[in-house]
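A.B. asks: Here's a structure for you.
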Amino acid sequence: IIPIDNKNFLSKNLSKFVDFIFFLKQESKKNKVMISLEINENYERFNKILLSNNIKDIKITFDTGNFYLTNKNVLKNLKKYLHLINHIHLKDRNTLGVNVVFGSGKINFKNLFIFLKKKKYNKYFTFETNRGTDALKTATNNLKITKNLI
């Protein structure tokens, strides 16, 4: 998973970004490694970049918390990006954008998991959550919440 900052999508940086993607694709095939770009760019802009540069077979990591920061409707973005997603970071945020304990923030994970189940999503998830006051207890609770939603 390679985090990509939105500044990479600016016109002045775009050619370097596209070259970087082609390099990654070549290296990943050569070394038999799966690459995923963690982005939170507007879908229409990202898709236009892919199409105009003939970039195919690129996968992304969808971070629920980071998409919340750019657009409060996480599910809307998830629906647009689903065909490119190979990994989802489960992160919750409060109204101020602060990373909070899973399930205590503003992201509607129930609707997110209903959608993913309906679409038969069977790829990777990672909890990228606030650890709370007791990390082990928080992790156990994260798993419990998720199992109840799946």
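The values are calculated or read from the model by the stated rules, or taken from the named source; none is laboratory data. In this text the structure is predicted, and so the values were computed from the model without any measurement. Cβ atoms come from the backbone with ideal geometry, glycine included; neighbour counts cover every protein chain shown. These accessible areas exclude ligands, DNA and RNA; they are computed on the full protein's heavy atoms, side chains included. Shrake-Rupley method; radii C 1.70, N 1.55, O 1.52, S 1.80 Å.
A.B. asks: Which whole-Hz couplings ³J(HN,Hα) result when phi for each residue of the range 59-66 is put into the Karplus expression 6.51 cos²θ - 1.76 cosθ + 1.60, θ = phi - 60°, listed in order with x for Gly and Pro?
C.D. replies: Karplus-based 3J(HN,Hα) across the range 59-66 equals 10, 10, 9, 9, 9, 4, x, 6 Hz.
A.B. asks: Here's another thing I want to ask about it. Along each of its three principal axes, how wide is the spread of alpha-carbon positions in the range 23-148, in whole angstrom units, largest first?
C.D. replies: 45, 30, 28
A.B. asks: Which value, in Å to one decimal place, does the Kirkwood hydrodynamic radius take for the range 41-102 when every pair of different Cα atoms is included?
C.D. replies: With all distinct Cα pairs of the range 41-102 included, I get 12.5 Å.
A.B. asks: Could you sort the peptides 12-18, 29-35 by per-residue average Cβ neighbour count (10 Å cutoff), highest mean leading?
C.D. replies: 12-18, 29-35
A.B. asks: Next up: With 28 Å as the limit, write out which pairs from Lys48/Lys106; Lys16/Lys72; Lys80/Lys106; Lys30/Lys76; Lys12/Lys80; Lys117/Lys137 have Cα-Cα distances beyond it, or answer none.
C.D. replies: Pairs exceeding the cut-off: Lys48/Lys106; Lys16/Lys72; Lys30/Lys76.
A.B. asks: Tally Lys and Arg at +1 and Asp and Glu at -1 over the other residues with C-beta under 10 Å from the C-beta of Tyr43: what net charge comes out?
C.D. replies: +3
A.B. asks: Please report, in Å, the Rg and the Dmax of the range 6-48, where both are computed over Cα atoms only.
C.D. replies: 11.5, 31
A.B. asks: Something else: Net charge near Val18, counting Lys/Arg +1 and Asp/Glu -1 over other residues with Cβ under 14 Å of its Cβ?
C.D. replies: +4
A.B. asks: Per residue of the chain, what 222 nm ellipticity follows from adding -39500 (n - 2.57) for every DSSP H run with n ≥ 4, rounded to the nearest 500?
C.D. replies: Taking each H run of at least 4 residues, the total per residue is -14500 deg cm²/dmol.
A.B. asks: Greater than 31 Å separation of Cα atoms is the criterion. Which listed pairs, Lys123/Lys144; Lys29/Lys144; Lys25/Lys79, meet it?
C.D. replies: Too far apart for the 31 Å limit: Lys29/Lys144.
A.B. asks: Put Arg131, Arg93 in order of accessible area, largest first, 1.4 Å probe: what do you get?
C.D. replies: Arg131, Arg93
A.B. asks: Taking the chain as the reference, fit the longest principal axis to its C-alpha atoms, fit the long axis of helix 109-118 to the helix C-alpha atoms, and give the angle between the two in degrees, 0 to 90, nearest 10.
C.D. replies: 60
A.B. asks: I've got another one for you. Kindly express, to the nearest 10 degrees and within the range 0 to 90, the angle between helix 11-31's C-alpha long axis and the longest C-alpha principal axis of the chain.
C.D. replies: 80
A.B. asks: In whole Hz and in residue order, list the ³J(HN,Hα) couplings for the range 122-133 that follow from phi through the Karplus curve 6.51 cos²θ - 1.76 cosθ + 1.60, θ = phi - 60°; x for Gly and Pro.
C.D. replies: 9, 9, 8, 10, 9, 7, 10, 10, 5, 7, x, 7
A.B. asks: Using Cα pairs closer than 8 Å and at least 6 residues apart in sequence, work out the relative contact order for the chain, in percent.
C.D. replies: 17
A.B. asks: Now a separate question. Out of residues 5 or more away from Glu38 or on other chains, whose amide H comes under 5 Å of its own, with H placed 1.01 Å from N in the peptide plane?
C.D. replies: Answer set, sorted by chain and number: Ile2, Ile4, Thr61.
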